Amino acid sequence: MSIPFIDLKTQYRRVATEVEQGIQAVLASGAYINGPAVARLEERLAGYCGTRFAVGCASGTDALMMALMALKVGPGDAVFCPPFTFMATAEVVALLGATPVFVDVDPATCNIDPAQLKKAVRAVRSGDASLHPLPQHAGKLTPKAVIPVDLFGLLADYQAILPVAAEHGLFVIEDAAQAFGATVALPGEPSGAARRACSFGQIGCTSFFPAKPLGCYGDGGMCFTDDPELLELLRSIRVHGQGREKYDNVRLGITGRLDTIQAAVLLAKFEIFEDEVRLRQDVAARYAELLGALPGLTLPAVPGGHVSVYAQYCILAESSAHRQELLDRLTKAGVPSSIYYPKPLHLQPAFANLGYQPGSMPVSEALAARIFSIPMHPYLTVETQQEIVNALAG
Ligand SMILES: Cc1ncc(COP(=O)(O)O)c(C=O)c1O
C-alpha cells in the first residue's frame, strides 16, 4: 500500500458522519453564502485562539490581503517578511503596490530572525543598504508592517519581534497559515497558560487549505483580531468594501467570503482537532527517536515552551548532494517527499524587480539547498514511520 504524504482519507473516515451531516444541513438550509455556520465557526475559533473576533474568508492568501488592506498598506510602504516561506506571504504585499523587504531567517527555527528585522528597519529608515540588503525602489520607503510567518507549524519568536515592531511603529500581521493550533507558554504565567497561533499582532491570519493542520475540503481562511475597528474593516473588505447597506460601497474590497459548506466541514473537523494536535506530538516524538540514530540529519528544532503542530516535518541534510541521495532512497522505496522551499522568494522571478541577488539572504539560501520533508500527519503508525526511516537509512 502506498504511503500518503498527508493522510486526509483516514481523517475523513473518522469525521465522515459529522461532516456529511453538517454539509447536508447547509444544503437543506439554502444559506450557501454567509450562512449561520460561518458565524458559529468564527466564534468557536476566536475563542480557541484567544482573540475577541474572527472573520472567515476564502483562503489564507485572502486573509493576508484583507489584513494588509484593513491596515491601509499600499504604495511607498515597506513590509518586512521572510523570504523562506510560501509565495503568498510576500505576493499580497506586492499586489497591493507595497514593497516586500526580505529579512533572513533563523537557521534553527526557519522563522524570521528578530535581530535581522531590527537591522532591516534601520536600513529602510536611513536608506543605507550597507546595514541590511534592501530592495530596489524609486524613492523612500516607509516601514509599515512586518509579517512573521509561523513556518512548518512553529510560532515565530514574538517575544523578540513584538518589541521591535512597537519601537518602530510597525503593524504585525501574523501569517499562521501553517500553524493553527501552535502554542507558546508565556513566561510569568501560571504553568499551562499558553498563547495560541493567530493571536499575535494586530491581525492573525490562517489558511484552511486541505493539507493544513486544520483544513477544509476546498479553500478557506480566517483573520483574527482584538480590535473592533479592524473587525468592521475586515468584514467590509471581505464583501467589496460594503457599507451599512448592501449596495453601499465605502472602500475597495474583494470577494473574500468563506463558503458556508466549508465552515460546516471545519466545525466538524474542529471537534477532533485538539486530539490531532496531540497525535502530531506523538508522531514527531517517534520520528525524533527513530531518526536520531541516523547520522548527518538535523531534525526540526522546537524551542522550550513551544508546541509545534508540524504542518510539515522538515529535515536538513548535510548538503544539497546529501539531500539528493536521501530523496533518491525515498523515491526508490515508494516514500513520498517534498521540498519546502527549493527557492527563497527573494530569488523568485516574480520578485526580480526587487533586485535581490544570490547571497543576500544566506540562511534562507542554505536552508533551501538542504531541506526536505517526509510524510507527516496525525495518523502515521509506528510501522510506517519505521519503513520511512529504513528507506532513509538506505
Ligand atoms: C505560509 C503561508 N502563507 C499563506 C498561505 C496561503 O494560504 P492559501 O493557500 O489558503 O491561500 C500558505 C499556504 O500554503 C502558507 O503556507
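Label 7 Å along Cα→Cβ of residue 32; segment 250-289 residues with amide nitrogen under 20 Å?
Answer for segment 250-289: 255-267.
Along the positive direction of the dipole of the chain (beta-carbon charges: Lys, Arg +1; Asp, Glu -1; about the Cα centre), which of 297, 127, 382 reaches farthest?
127
Above 34 Å lies some portion of the pair distances; for the chain, what is it as a whole percent of all C-alpha pairs?
30 percent
What FRET efficiency comes out for residue 339 versus residue 2 if R0 is 22 angstrom and r is the Cβ-Cβ distance? Round to the nearest 0.05.
0.65
Which loop chymotrypsin sites (Phe, Trp or Tyr not before Pro) in segment 192-275, with loop taken from DSSP, have no more than 12 other Cβ atoms within 10 angstrom of their Cβ? Intermediate results must be reported in sequence, preceding the final value.
Values: sites: 200, 208, 217, 224, 247, 270, 273; in loops: 200, 208, 217, 247.
The qualifying sites are 247.
Which entries in the list 72/246; 72/269; 9/246 go over 29 Å, if you measure between the two C-alpha atoms of each? Intermediate results must be reported in sequence, preceding the final value.
Details: 72/246 22 Å; 72/269 34 Å; 9/246 40 Å.
Over 29 Å Cα-Cα: 72/269; 9/246.
Give the lysines reachable from residue 343 as a straight Cα distance under 23 Å; neighbours fewer than 8 places away on the same chain don't count.
Within the straight-line limit of under 23 Å, residue 343 reaches these lysines: 212.
To the nearest 500 deg cm²/dmol, what mean residue ellipticity at 222 nm is calculated for the chain from DSSP H runs of n ≥ 4 alone, each contributing -39,500 (n - 2.57), summed and divided by the residues?
That calculation yields -12500 deg cm²/dmol at 222 nm.
Label-point separation (nm) for residue 271 and residue 115, each offset 7 Å from Cα along Cα-to-Cβ?
For residue 271 paired with residue 115, the spin-label model returns 4.9 nm.
State the extension gain, in nm to one decimal, for the chain segment bounded by residue 18 and residue 353, taking 0.36 nm per residue of separation less the distance between their alpha-carbons.
Working: separation 335, 0.36 × 335 = 120.60 nm, distance 4.85 nm.
Result: 115.7 nm gained on full extension.
Which of 12, 313, 340 ends up with the largest GNM mean-square fluctuation for the chain, with Cα atoms connected below 10 Å?
Between 12, 313, 340, it is 12 that shows the largest mean-square fluctuation.
Please compute the Kirkwood hydrodynamic radius of segment 273-393 from all pairs of different C-alpha atoms, in Å with one decimal.
For segment 273-393, the Kirkwood estimate is 15.7 Å.
Can you list the lysines whose alpha carbon sits under 21 Å from that of residue 118, skipping same-chain ones fewer than 8 residues off?
Partners found: 140, 144.
Just to confirm the filter: which GluC sites (Glu not before Pro) across segment 223-257 are DSSP coil and have at most 14 other Cβ within 10 angstrom of their Cβ?
Here the GluC sites (Glu not before Pro) that fit, given the DSSP loop and packing criteria, are 245.
A short reminder: the numbers here are calculations on the coordinates, not readings from a lab. Note that the structure is predicted; figures quoted are calculated from it, not measured. Cβ atoms come from the backbone with ideal geometry, glycine included; neighbour counts cover every protein chain shown.
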